[in-house]
Every structure is written in C-alpha cells, then in structure tokens.
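Below: the structure, in structure tokens.
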Protein chains: 2
Amino acid sequence: MLPPLIRIDLSIATPVYRQIVDAVRTHLVDGAFAPGDHLPPVRQLAMDLGVHFNTVAEAYRILAEEGWLDLKRRRGALVLRRGVPRPADPAAAPLFARRLRELVAEVRAAGVTRPRILRELLLVAKGLEA
Amino acid sequence: MLPPLIRIDLSIATPVYRQIVDAVRTHLVDGAFAPGDHLPPVRQLAMDLGVHFNTVAEAYRILAEEGWLDLKRRRGALVLRRGVPRPADPAAAPLFARRLRELVAEVRAAGVTRPRILRELLLVAKGLEA
DNA sequence: TTGTATGTACACAGACAATGTACAATAGGG
DNA sequence: CCCTATTGTACATTGTCTGTGTACATACAA
C-alpha cells in the first residue's frame, strides 16, 4: 500500500482542518491532484483520517474559496484549473522569509542537524527550478 | 529606528503567544539574543506589541520550558546557554520536510514567484553552511 | 419517481486565547 | 533592616475557535 497522500497528526497544535488544507494544497500545487480529478467525498476522507466529516468539509470549503475546488452536492469535490495566482500581496514574500526562518529555527532547536535541514532546503529548491 | 526584532500580526490565525515564541526563538537560535542577555520585562514587551502582559508571560514560559530562558521575579528573563539540542525526535526531520513543502506550496499559491522563493531558500541554506 | 450519495447548515460542548485582577518574590534605596 | 517598586505568577473570566451531532437540501441513477 502506498503511503496515504494526506496524513494528520492529532498531537500537534495546528487544527485538523488546517492540516488537511495544507496537505491537499501541497498536492494541488505540485500536481498530484490535477484539474479534472475528484477528491474523495468528505465522509470517506474523514473515515480515512479518523475525524468527523464536517471537519473535512470545512477544509474543502476553504480550498474552494481559494479557487482550487468546485463543490457540488452529489458530485464531490472537483479540482479546477486554477487561474494564475492572484497578484501576490506585497507582504507575502517578506512574510515567507520570516516564516521560513522561524521554521528552520524551530527544527534546529528540536535537534535536527544542519546537514539534514540543508538537504531538505536544497531538495525543495531543486524542485522549484524545474 | 531599527525595525523591531519582534513583530506580531493580529490578522493571521497563529495565536499571538505562539508568534512571540517563534520570533524570539528565531533570534535565540541565530544569536541575536545571546546567553547572559535579558529579554524585556513582560509588561514592556507587551506594551510594544500592543497585547496583554500575560500573553507575553505565556510565551516566556514556553521558551523557559524549552530551556532557553531562566525566569525569576524581579530579575526578568535571562537568556541561558542552552545545552546541546536534545536528541531529535526521529519524526522531526520528516515533519520538517513536509512542513517546508506545505509552506512553499502556500506561498506559491499566494502568488509569490518561484525565483523569489528560491532566493529565500538559498539565503537560508547559505546561512546554515556558515 | 424514489432512493441514496453527496455537500450544507447550524446548534452545541469543550478547548483555547487573551485579558483582568490580585498576589508573591526580590533587588535596591533609605 | 525595612520598605517600595518592579518584576513574574496564579487563576478566574470572557469570547472565539474547533470538532462533533444531527437534520436537511440536492442531484444522479435505477
């Protein structure tokens, strides 16, 4: 069995619905979920994750507001071809810089080694160049 | 006036006390706050940030639990020489990989350009090599 | 037409975040 | 020594957020 595309962790502070949003959006950006695909129904994904279906529905609603999904009853969650990213909020890039540094600081403090962090950074950078 | 070392953003979902923790920890890791320094008293930092002092106190308490600070009444928050990072939880590195990808996906979706993201990743990577 | 698979709406319980207020400890001045 | 001001602490309170329960609306298929 392949590792599930979406996993959640009840032990961390990030609320489950936001973990779902983050995980699904990652797959949408990198193409693992492509326009025309259907996401699993809220009740099915909820079963897989062990949460209530309304929690999944909330995540789908947020993704629909972001323009990724078209939600229609009885038809499930259709992945849309999402228009060009809206012009970035000018604060977005500096905020990214800060959050990236905070994330790295957090994992360094947690004992992840510098080479390991470096490796992940460069892997992601590599993926962006393509 | 220099840009303040710590800033918070009431418009985002991350609670203020956690924003404070993240910002201060970043400075602790990169050395802007060094062992022997004193952080501002909770009431003063709270004034600067426009929040209640108990919110700052909560952030300081978390950092003290992480081993960064020694809190004593009337003496303020003393920055400790923090022992070697505890052995990393084996899940920490994979979790970092995931969170990094989620962060990048989020800002890409928000319209930050790939070169801009790449630049920040490489900047942080550079800082880690030193 | 009817049943059923789907998303939606909304109320509710519990957890969490931020604050208000009172208190405890301690450094420093007299 | 003792007092006082400055600092962190404790805990109750208030409002918001999260996750769930339950009932409903919609639309496809037989």
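The values are calculated or read from the model by the stated rules, or taken from the named source; none is laboratory data. As the structure is a prediction and not an experimental result, all values here were calculated from the model. All Cβ positions, even for glycine, are placed from backbone atoms using ideal geometry, and neighbour counts span all protein chains on display. Just so you know, the surface numbers come from the protein's heavy atoms only, side chains and all, with ligands and any DNA or RNA stripped out. Shrake-Rupley method; radii C 1.70, N 1.55, O 1.52, S 1.80 Å.
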Original post:
Which is at the interface with another protein chain (Cβ under 9 Å from one of its Cβ atoms) and over 16 Å from the mean Cα position of the chain (by Cα), of B:Val107, B:Val51?
Top reply: B:Val107
Original post:
With A:Ala59, A:Ala46, A:Ala34 as the choices, which residue is near DNA strand D (Cβ under 10 Å from one of its atoms), in contact (Cβ under 8 Å) with a residue 24 or more places away in the chain and of a type in the set (A, V, I, L, M)?
Top reply: A:Ala59
Original post:
For the stretch B:18-29, does any single residue satisfy the condition of being away from DNA strand D (no atom under 12 Å from the Cβ), in a helix (DSSP H, G or I), open to solvent by 80 Å² or more (accessible area, probe 1.4 Å) and under 30 Å from A:Asp89 (Cβ atoms)?
Top reply: no
Original post:
Do you know which residues across the stretch B:110-119 are part of a helix (DSSP H, G or I) and either open to solvent by 10 Å² or more (accessible area, probe 1.4 Å) or in the same structural domain as B:Gly31 (by TED's automatic domain parsing) (or both)?
Top reply: B:Arg114, B:Pro115, B:Arg116, B:Leu118, B:Arg119
**OP:** Out of the residues in the stretch A:70-109 that are assigned to a strand (DSSP E or B) and within 16 Å of DNA strand D (Cβ to nearest atom), state the one that is farthest from A:Thr14 (Cα to Cα).
**Re:** A:Lys72
Original post:
For the stretch B:31-57, how many residues are in a helix (DSSP H, G or I), within 20 Å of B:Pro4 (Cα to Cα) and open to solvent by 50 Å² or more (accessible area, probe 1.4 Å)?
Top reply: 5
Subject >> A:Ala64 under 17 Å from B:Glu106 (Cα atoms) and either in a loop (DSSP other than H, G, I, E, B) or of a type in the set (A, V, I, L, M, F, W, C) (or both) >> reply: yes
Original post:
What number of residues in the stretch A:1-17 are hydroxyl-bearing (Ser, Thr, Tyr) and loosely packed, with under 11 Cβ neighbours inside 10 Å?
Top reply: 1
Original post:
Regarding A:Pro90, is this residue more than 9 Å from every other protein chain (Cβ to nearest Cβ), open to solvent by 20 Å² or more (accessible area, probe 1.4 Å) and not charged (D, E, K, R)?
Top reply: yes
